[in-house]
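Enquirer: One structure follows; several queries about it will come next.
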Amino acid sequence: MRLAGKKIVLGMTGGIACYKIAELTRMLGKAGADVQVVMTQAATQFITPVTMQALSGNTVFADQWDTRIPNNMPHIDLTRDADAIVIAPCSTDFMSKLAHGACDDLLSTLCIARPSGIPLLIAPAMNVEMWQNAATQRNATLIKADGIQMMGPVSGEQACGETGMGRMLEPDQLFSEIVATFQKKSLTGKQILITAGPTFEPIDPVRGITNLSSGKMGYAIAQAAWEAGAQVTLVSGPTALSAPYGVRRIHVQTAQQMHDAVMTQLQIQNPQVFIAVAAVADWRVANASDQKLKKTSESNTPQLKFIQNPDILALVAALPNAPYCVGFAAESENLLQYGAAKRVKKNIPLLVGNIGHHTFGKEDNELVLFDANGYVQLPRADKQTLAIQLIDELAQRLVSA
Ligand code: C5P
């Protein structure tokens, strides 16, 4: 329930992308938001107010002179208790109205009349030529300068059959942007490099050794860091998870590949923070076969030999000008004792401990944060909640580091 208690005024303007806003409305409602839909007359040509009322559970407003509001001032009353106004889809025409302060219908008047503290987010959706038109680009510059947040557009296939910039973000991407609006921007301007997931160490071309890490904790931390305003790169071992919106993901398989990708990204990006969440295999098979090992008789059991993988976190922490390093420790017992000792051994400022077999693959977790001053416990919660708390704790330590 990422949006529990939030009231969102969802303004819809004329565009074929209106059909996608039905889905967004459901997502916002499921996340706990109270959604108040306001439509322009053009929007009602694309999807009916009946549909939007049924999905939002609230009466839809489309007319400035609507007598259902007791004082007949819907442009004032609808936003006074709002936490955000989202215009999706936002047409070329409506961008022009926002840029120039027009107020000739309910939605544009409501935007002008909004209290200054309420964030206004727009999701432009239009044909590529309309987007590239000099007038639209001028309007986009004015809109941004006024502090209105643009969500997209992106380049892609368009309803008209053409391809290019102007396509609206997908509903789940808009949802991520809206959720992020309400997060504390404690990591704005920071580059963060994160490892996540298991590694896979081949035995032969079809077999390998891996572990039970699902990647959920690392992915949740990557998402929370992006929501807090950071630019995030995620170096991920094999997982079934989609990349969190806004996060750049690099796929790797083995510990050595993860090491190489991390070292390359350190060079390219010079991140301020490195968070090693991945469950990296300590050893790889030294005598891995190029061909599938065959069971030719009852007695030909393969004899695997192992060599140690590089300790990515320890190597990064030992670099001159190392980023602020955060490590994870998955222990099976004695977490308080082992966690504190591991932080010192790895020579890192912050280590996050958890009980490995209580968390691998699960939706929730509990964490203990070890730093030079002792430890702080984050009680059991879902991984997203813990990730947000961890990012908050990290941001505080970066300020004092
Ligand atoms: O020593 P241990 O494997 O318990 O340390 C765990 C921490 O070190 C985690 O942050 C993990 O991502 C990181 N690690 C690593 N490279 C390895 C092994 C662990 O970065 N080869």
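Enquirer: State yes or no: is Arg284 in the same structural domain as Ile307 (by TED's automatic domain parsing), free of Cβ contacts under 8 Å to residues at least 60 places away in the same chain and under 20 Å from Ser214 (Cα atoms)?
Expert: Considered against the rule, which asks whether it is in the same structural domain as Ile307 (by TED's automatic domain parsing), free of Cβ contacts under 8 Å to residues at least 60 places away in the same chain and under 20 Å from Ser214 (Cα atoms), Arg284 comes out as no.
Enquirer: Answer with yes or no whether Ile76 is farther than 20 Å from Pro124 by Cα, assigned by TED's automatic domain parsing to the domain that holds Ala113, without any contact (Cβ under 8 Å) to a residue 24 or more places away in the chain and surrounded by fewer than 16 Cβ atoms within 10 Å (Cβ to Cβ).
Expert: Spelling it out, it is not the case that Ile76 is farther than 20 Å from Pro124 by Cα, assigned by TED's automatic domain parsing to the domain that holds Ala113, without any contact (Cβ under 8 Å) to a residue 24 or more places away in the chain and surrounded by fewer than 16 Cβ atoms within 10 Å (Cβ to Cβ).
Enquirer: So which of Leu313, Leu304 ends up being out of contact with any Phe, Trp or Tyr (no Cβ under 9 Å at 6 or more places or on another chain), at pLDDT 95 or above and either of a type outside the set (Gly, Ala, Ser) or surrounded by fewer than 15 Cβ atoms within 10 Å (Cβ to Cβ) (or both)?
Expert: Result of the check over Leu313, Leu304: Leu304.
Enquirer: Out of the range 316-346, which residues are of a type outside the set (A, V, I, L, M), away from the ligand (no atom under 12 Å from the Cβ) and surrounded by fewer than 17 Cβ atoms within 10 Å (Cβ to Cβ)?
Expert: Once the filter is applied, which keeps residues that are of a type outside the set (A, V, I, L, M), away from the ligand (no atom under 12 Å from the Cβ) and surrounded by fewer than 17 Cβ atoms within 10 Å (Cβ to Cβ), the range 316-346 yields Pro320, Asn321, Glu333, Asn334, Gln337.
Enquirer: Looking at the range 36-60 only, could you name the residues that are in contact with a Lys or Arg (Cβ under 8 Å, 6 or more places away or on another chain) and either closer than 15 Å to Leu110 by Cα or in a loop (DSSP other than H, G, I, E, B) (or both)?
Expert: Gln36, Thr59
Enquirer: To continue, here is another question. When you scan the range 299-315, how many residues do you find that are within 13 Å of the ligand (Cβ to nearest atom) and charged (D, E, K, R)?
Expert: Total satisfying the criteria: 1.
Enquirer: Taking Leu55 and the conditions (1) touching a Leu at 6+ places or on another chain (Cβ under 9 Å); (2) surrounded by 20 or more Cβ atoms within 10 Å (Cβ to Cβ); (3) without any contact (Cβ under 8 Å) to a residue 60 or more places away in the chain; (4) not hydroxyl-bearing (Ser, Thr, Tyr), which numbered condition does it fall short on, given that it satisfies the others?
Expert: Condition (1) is where Leu55 drops out.
Enquirer: Turning to a different aspect of this structure: Need pairs with beta-carbon distance below 6 Å; first residue under 12 Å from Ala281 (Cα atoms) and within the range 252-267, second within 10 Å of the ligand (Cβ to nearest atom) and assigned to a helix (DSSP H, G or I); sequence gap 6+ or separate chains.
Expert: Sorted first by the residue in the range 252-267, then by its partner, the pairs are His259/Ile312.
Enquirer: Anything in the range 356-374 that is of a type outside the set (D, E, K, R) and surrounded by fewer than 16 Cβ atoms within 10 Å (Cβ to Cβ)? List them, or say none.
Expert: Of everything in the range 356-374, those that are of a type outside the set (D, E, K, R) and surrounded by fewer than 16 Cβ atoms within 10 Å (Cβ to Cβ) turn out to be His357, His358, Gly361, Ala372, Asn373, Gly374.
Enquirer: So which residues in the range 113-122 are free of Cβ contacts under 8 Å to residues at least 60 places away in the same chain and within 30 Å of the chain's Cα centre (by Cα), if there are any at all?
Expert: Arg114, Pro115, Ser116, Gly117, Ile118, Leu120, Ile122
Enquirer: Here is a follow-up. Condition (residue is out of contact with any Asp or Glu (no Cβ under 8 Å at 6 or more places or on another chain), in contact (Cβ under 8 Å) with a residue 12 or more places away in the chain and charged (D, E, K, R)) applied to the range 290-302: is it met by at least one residue?
Expert: No.
The values are calculated or read from the model by the stated rules, or taken from the named source; none is laboratory data. If you're wondering where the values come from, they're calculated on a predicted model, not measured in any experiment. Ideal geometry is used to build each Cβ from the backbone, glycine not excepted, and the neighbour counts take in all protein chains shown.
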